[in-house]
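For reference, the structure is listed below as structure tokens.
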Amino acid sequence: MRDIDCDAAAGDTSAVQRAERDVAAGNGYALYVHTVQNLLASHVRVEVWAGAAASEAIDGGWVGSGVFDLDCPTGLLVVGDEISASLDGIDPSEGPGRYRVAVYHRGRDEARSAHHEAVRAIAPGLNQALSEVQSRHRGVERYLLRLWWQQPLPGTEGDDD
């Protein structure tokens with residue numbers, strides 16, 4: 001997740017490496033979430049909260065992966081895989097500012113098993129088998145991003161620009 005106008009930022013490599021180890025990590029300009037596999041579609045839900053959501057109880061097997069700061073100069077956010085797929089239109093009513101994002105996940109163990117099944121289905125002439133595995137396990141790996149506004153960005157409060 002990142003501001004729609006933010007590109008690569010200092011600290012991306014370190015944040016990506018931390019996300020590979022800890023599921024999620026941020027550098028203040030981007031939030032990285034590391035999926036356990038890349039052959040099956042994952043599901044991401046973004047919730048915009050009016051106040052702090054990190055302390056809210058969550059049912060359904062969700063596991064917390066941390067709470068991160070995210071600077072959003074435009075007030076417009078996007079979630080994507082950095083290659084092609086993206087979800088935009090995440091436009092919190094508070095607009096530009098520093099947000100907090102709580103990251104939750106579920107289904108990672110199931111997705112890991114499904115990934116092994118998908119890899120076994122990849123063989124000459126077995127594309128139908130892979131499609132069936134992908135269809136059957138679509139969205140088993142799930143992520144929930146809860147975000148809420150914290151404060152204006154440093155140096156912007158009271159600006160007359």
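As I understand it, the value is the acute angle between the Cα axis of helix 108-121 and the longest principal axis of the Cα atoms of the chain; what does it come to in degrees, rounded to 10?
The helix 108-121 is inclined about 40 degrees to the chain.
Mind ordering 94-105, 144-155 by average Cβ neighbours within 10 Å, highest first?
Ranked from most to least packed, the peptides come out as 94-105, 144-155.
Arg120 versus Asp69, label points 7 Å from Cα toward the beta carbon: distance in nm?
Label-label distance for Arg120 and Asp69, simple model: 4.7 nm.
If I model a spin label at Ala52 and Thr13 as a point 7 Å from the Cα along the Cα→Cβ vector, what separation in nanometres do I get?
Here the modelled spin labels are 3.6 nm apart.
Which value at 222 nm does the chain reach when only helices count, each DSSP H run of 4 or more adding -39,500 (n - 2.57), with the total divided by all residues and rounded to the nearest 500 deg cm²/dmol?
-6500 deg cm²/dmol
Report the label-to-label distance for Arg136 and Arg45 in nanometres (one decimal), using points 7 Å from each Cα along the Cα→Cβ vector.
About 2.5 nm, to one decimal.
Using a 1.4 Å probe on the protein heavy atoms, what percent of the accessible area of the chain belongs to carbon and sulfur?
In the chain, the share of accessible area belonging to carbon and sulfur is 48 percent.
What is the magnitude of the charge dipole of the chain about its Cα centre, with +1 placed on the Cβ of each Lys and Arg, -1 on the Cβ of each Asp and Glu, and no other charges, expressed in debye to the nearest 20?
Approximately 1000 debye in magnitude.
Using only Cα atoms, tell me the angle between helix 127-136 and the longest principal axis of the chain; keep it within 0 to 90° and round to the nearest 10.
Its long axis makes an angle of about 50 degrees.
Relative contact order (percent) for the chain, with alpha-carbon contacts under 8 angstrom and 6 or more residues of separation?
Over the chain, the number comes to 29 percent.
What Kirkwood Rh does the chain have if only Cα atoms enter the pairwise 1/r average? Answer in Å.
Its Kirkwood hydrodynamic radius stands at 17.0 Å.
So what's the angle, to the nearest 10 degrees on a 0 to 90 scale, between helix 12-22 and the longest Cα principal axis of the chain?
60
The values are calculated or read from the model by the stated rules, or taken from the named source; none is laboratory data. Because the structure is a prediction, the values reported are computed rather than measured. A quick note on method: Cβ atoms are made from the backbone with ideal geometry, for glycine too, and the neighbour counts reach across all protein chains shown. Ligands, DNA and RNA are stripped out before the accessible areas are found, and what is left, the full protein with its side chains, is counted by its heavy atoms. Shrake-Rupley method; radii C 1.70, N 1.55, O 1.52, S 1.80 Å.
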